[in-house]
Amino acid sequence: MKLFNKLKLGQKLLFLGLLPAVILSIALLVYFTSTLLSDAEIALQEKGRSLSVSISKASVYGVFSGNTKQLNNLLTSFADDADILLIEITGINNHVLAKINKSALYPKEPKVSFAHFSQPIFIEIAQLTDDLDLLLLNTNKTPTNNIIGHVRLHLSFYPTQKHQQTIFYNSIYLTLLALTLIFSIAKITSKTIAKPILNLVNDVKGIREGHFTLLSQVDSGNDEISSLTKNIHKMAHEIENHQFQMELKVQEATTSLEKKNTTLLSAQKNLIQTTKSKSNFISHMSHEIRTPLNGIIGFLDLLQQTPLSSQQHHLLKSALSSSNNLKFITNEVLDTAQLEAGKVIIHKIDFNLRETVDSTISLLSTIANEKNVTLEFNIDSSISDPIHQDPIKIGQILINLLSNAIKFSPNTHVILAISTDLKQEYLVIKVIDKGRGIATDNLPNLFDEFTQFENLDYAYGSGLGLAITQKIIHAMHGRITVQSTLNKGSTFTVELPYEKAINSGINKKLALNKPPNLLGKRVLIADDNEINREVLFLLLKQQQATIDSAIDGKEALALSLQKKYELILLDINMPFKKGDQVLAEIRSNTNNLNNKTPIAAITAHITSDTESASHKINFDGYLVKPISKETLFELINKLLHLDQFFESNKNIDNNLAPKIFNKNKALDRMNNDPLFLISMLKKFFSELEVQLDDIKIALEQRLFNKALDIVHKIHGAASYCGMEQLTSSAKALENSLALMNNNNQFPNSYEVDKILVKNFITQVTLSLEKQHDFISDLKTVVINDKKE
């Protein structure tokens, strides 16, 4: 049945028309053939019996008289009969009187099957009619019929079998001829029936696909197929008319929609132009406001350093606070424009959360002191540093929430608590203040832009800080909630997804390499920062290396073509050619003497996963500033396969709070040479004064790339010189600038985070003010060393 269902309609009709005829033909063939064959066998049997009787009667006289000649003549008359195989006439004593044997006529037949017939030969005694006859013959006997011999007849089945075969083959031929004729008739009939049905099927397919030129022809018949064809043609005509009407309606609707779209596009263009004009206006006004504000704040800072009366000092402090608030508002407006443009980009890296929190607390310490606010923070011990997230965004969230809490909670204390959820999938950051709190009715609108409440404690600022924070958190797939009680304080809770660091050993103190013996080995150092070059030069020179220095990428590439080096150290951010560009040109030039030389990258930090992957894949290794001598020696031993190890006996400084100047770290980085450190500090502070003026000018003129280069140099040099707080503030500002620079996000309307800039400039100024104290402290170390 399954096979039948797979057949096409014409094949099914042919099958159904042919099957009964085939069955009937085979049945008739079997019946008539078997009947004919049976009749042939019966006829042969009848023939045998008839012949035996006839020969018996004809041979009575010959047998009775013993005339064998007559008997032979009798048998000869039957010799031409093909069916007769043997005729034998015997006497009373079974003596053969006459015989015909045709077995020799069938030599090819090993065994000739035959039918055996036997017939006695009777002599009939005439009935005596009178007593005389009885007397003459034998008056003592009664007249009877007597057997005087026998006729034996063998008929061959061979001719009959031949005849039967002929009958059988003729029956098959006639049946096949009949089946062929029936097949032809059935095929013609199936086509005649199937064709209009198949045409209807194709017509229905065509109608479904939207083609209304039908294959089937409408005839005048009254059968079901003709009726179905007529109805399908009628349906196709109606569908075609309906489709035509629908197309007209769609065309009319499309024309109307196009007109509306044109109107909407025109309105959209006007809206975009209006928005652009608004953004340009905000950007222009923000810039125009910021430029004189920078001058005002600068002069107020200078004026604050002059002798003033208490009243003047109070008025000056109020003016400075008002100016800073105005700058902060301007910055928030620009940050909001950036977020609305969808320019929140998340860059996840491995970083130390505790260091980020410490840097944030350090940055906000000045503001907290001004408000007489005590900052307290606690990080749950279950959080294992480092973690994998975006440190810049987390730092920005902490700064926004903490600065907001400090601003609205004067003369109290603010608590920062960081823990994790039960599954350790989310960081839970709580900022708790003891300020005036927020009314319950105002909480739903707390994160709306430009929202300010009538509460006097909140009646200043742009109203953008929390809106910006919420957008950043949502971009990081986190959430922020707030609980607040009026006159008791507020608790802001942030939940951010995080992962454990990919490189779990980022902050572990590992086994350090023994200082390598670099005698006879030539090393190329390329760094645009003179202090960085001199520190590396000193560390490598003490290991007896031959050193060449380059101040930019172009010079480094030229030296690589002239001399063969065992090791090349390339700073990533250099003028003319970046470190990765120099690396690419060296590796791509097979004629370069240093095509196979180990090359390591030097970077102040890794700002993105892409940059980290680039360092790991393209360079043979990389060093993150500030570079400790142990890390440097470990990399050199690894790249040069020196394989000398020893365990560090130095104690790890567990004090995470950054210092203005960490003398011990600075000495450690300068190979414990205080005189060399003093010379480096003098050079660093002399350059820092010039760099401070340059970065102020670059920021005012919106030369952000130039500002990034200056901050990068200060960051690297400050790290080597142990200026921890300056390093932290420089790192935060550099990260912000580098992140935008990597993604070409320096539009004309962009403003750098004012809090980061303010803290950076504050740390630079503080470092310059205390430089003599640092150097005097080091001179004391030198004197004590000499006494010893």
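Figures for the structure shown
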| item | result |
| --- | --- |
| Residue tally, condition under 38 Å from the mean Cα position of the chain (by Cα), surrounded by 17 or more Cβ atoms within 10 Å (Cβ to Cβ) and either assigned to a helix (DSSP H, G or I) or not hydrophobic (A, V, I, L, M, F, W, C) (or both), over the stretch 355-387 | 5 |
| Output for the stretch 391-449, where each listed residue is over 27 Å from residue 500 (Cβ atoms) and of a type in the set (Asp, Glu) | 433, 441, 448, 449 |
| Any pair with Cβ under 8 angstrom, 6 or more apart, that starts in the stretch 671-691 at a residue that is in the same structural domain as residue 775 (by TED's automatic domain parsing) and ends at one that is surrounded by fewer than 15 Cβ atoms within 10 Å (Cβ to Cβ) and assigned to a loop (DSSP other than H, G, I, E, B) | 671/542 |
| Residue match in the stretch 75-84 (condition: of a type in the set (D, E, K, R) and not in a loop (DSSP other than H, G, I, E, B)) | no |
| Residues satisfying the stated conditions in the stretch 519-542, i.e. without any contact (Cβ under 8 Å) to a residue 60 or more places away in the chain and in a loop (DSSP other than H, G, I, E, B) | 519, 520 |
| Residue count, the stretch 306-318 (criterion: modelled with pLDDT under 70 and either within 16 Å of residue 371 (Cα to Cα) or surrounded by 10 or more Cβ atoms within 10 Å (Cβ to Cβ) (or both)) | 3 |
| Odd one out for residue 722, checked against (1) buried (at least 23 other Cβ atoms within 10 Å of the Cβ); (2) part of a helix (DSSP H, G or I) | (2) |
| Filter result (in a helix (DSSP H, G or I) and in contact with a Phe, Trp or Tyr (Cβ under 8 Å, 6 or more places away or on another chain)) within the stretch 581-604 | 583 |
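Yes/no per residue for (1) small (Gly, Ala, Ser); (2) in contact with a helix residue (DSSP H, G or I) (Cβ under 9 Å, 6 or more places away or on another chain):
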residue: 357; (1), (2): no, yes
residue: 360; (1), (2): no, yes
residue: 372; (1), (2): no, no
residue: 379; (1), (2): no, yes
residue: 395; (1), (2): yes, yes
residue: 427; (1), (2): no, yes
residue: 432; (1), (2): no, yes
residue: 436; (1), (2): no, yes
residue: 442; (1), (2): no, yes
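The values are calculated or read from the model by the stated rules, or taken from the named source; none is laboratory data. Computed from a predicted model, the values in this text were never measured in an experiment. Methodologically, a virtual Cβ is constructed for each residue, glycine included, from the backbone with ideal geometry; neighbour enumeration extends over all protein chains shown.
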